[in-house]
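Only one structure is covered here, and it is reproduced in the block below.
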Amino acid sequence: MNGVETWSDATCACVPGTPVTPLTCDDGNCMNGVETWSDATCACVPGTPVTPLTCDDGNCMNGVETWSDATCACVPGTPVTPLTCDDGVCENGVETWDSATCQCVAGTPGEIPTCDDGNCMNGLETYDAASCACVPGTPVTPLTCDDGNCMNGVETWSDATCACVPGTPVTPLTCDDGNCMNGVETWSDATCACVPGTPVTPLTCDDGNCMNGVETWSDASCACVPGTLLRHLPAMTVTA
C-alpha cells in the first residue's frame, strides 16, 4: 500500500514509494460476484460467485426467459403473438386470448334457442350443437286438400301455414227443378245440391162435375185437369 520501496544511501534504509490508492473494483465479470480491494495484495479480489437463476418473470407474453452470464440477469425470450382463438366448440361461446395465461379461454355459453325459421315447409327445425345453428327437419309434402265440407268451397294447400285452406263459401240455392212430381226440393249442405222432396202420388181424378168430362192427372202441373166438355142434348119427348 506504501508503494514501491527504494534504497536510500543517505539513511541506509528502504523508503516507501508512492502510496497506492485503493481501486474501485470491477473486472467486468458479473458471474464472480462483486469485487473488493485487498490491502494485503493491493489487488481486486472476486466476490461470491453468482448462481444462475431459473428464470421466470411471470409474464408469459415475453416468451421463455433465459439466464444471461453477461448481465447476470434473466432476459426475455421471443414475444408470444396473441392467437385468434377458436377451439372448434361453438357451445362454449366466443373464445378470447388471455394475456395472463397465454391461452385461449372459453366465452359465455349461449342458451340453446328454440328453433323456428318460420318456414313450415322444411319440417320441424332442431338445434345442432356441432354448428350452433337450427337445422331443417323433413320437408312437408303438400296435400291434396278436401275437408269433406263442400259448403266452404274447394280447399287449396297453403305453403305459408302447411295446411289446407277453405275456398269460397257456397251460397245455398233456392231449389226448384221444375218437376213437381218429385216433391218440394230442398238444399243439402252435405252435398251442396238440391235434393228432391217426397214424390207426389198421382190422384184418381173426379171433381164431381160430369159436365167437364173425365178428369185426368197432369204430371206437369201435379193436378187434375178437366176432360172434354159435354154438349147439351136436344129435349126429348117421352111418349107414354
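The values are calculated or read from the model by the stated rules, or taken from the named source; none is laboratory data. These figures come from a predicted structure and were not determined experimentally. Positions of Cβ are generated from backbone atoms using ideal geometry, with glycine treated the same way; all protein chains shown enter the neighbour counts. Surface accessibility is based on the protein's heavy atoms, side chains included, excluding ligands, DNA and RNA. Shrake-Rupley method; radii C 1.70, N 1.55, O 1.52, S 1.80 Å.
Across segment 107-204, C-alpha contacts under 8 Å between residues 6 or more apart give a mean separation that, scaled by the residue count, equals a relative contact order of 16 percent.
Would you please calculate the Kirkwood hydrodynamic radius of segment 125-235 over all C-alpha pairs and express it in Å, rounded to one decimal?
Details: mean 1/r = 0.0490 Å⁻¹.
Across segment 125-235, the inverse of the average 1/r is 20.4 Å.
From the coordinates of this entry, Kirkwood radius over Cα pairs in Å is computed, and it appears in (i) 33.4; (ii) 24.6; (iii) 18.8 under the label (i).
Just checking the listed ones, 110, 77, 28: in the Gaussian network model of the chain with Cα springs under 10 Å, the one fluctuating most is 28.
What does the charge count near residue 103 come to, summing +1 for each Lys or Arg and -1 for each Asp or Glu among other residues with Cβ under 15 Å from its Cβ?
On the way: positive: none; negative: 86, 87, 95, 98.
Here the charged neighbours net out to -4.
The local environment of residue 173, defined by Cβ-Cβ distances under 14 Å, has a net charge of -4 under the rule Lys, Arg +1 and Asp, Glu -1. If you run the Gaussian network model on the chain, springs between alpha carbon atoms under 10 Å, then out of 230, 173, 53 the most flexible one is 230. When the chain is described by a simple charge dipole with +1 on each Lys and Arg Cβ and -1 on each Asp and Glu Cβ, the residue from 110, 184, 33 located farthest towards its positive end is 184.
Electrostatic tally near residue 125: other residues with Cβ closer than 13 Å to its Cβ, Lys and Arg +1, Asp and Glu -1, net -3.
Accessible surface computed residue by residue for segment 48-180, with neighbouring protein chains in place and a 1.4 Å probe, gives 69 Å² per residue.
Could you tell me what percent of the accessible area of the chain is made up of carbon and sulfur, with a 1.4 Å probe and every protein chain present? With neighbouring chains kept in place, the figure for the chain is 60 percent. Measuring nothing but how far apart in sequence close Cα pairs (under 8 Å, 6+ apart) lie, relative to its length, the chain scores a relative contact order of 7 percent.
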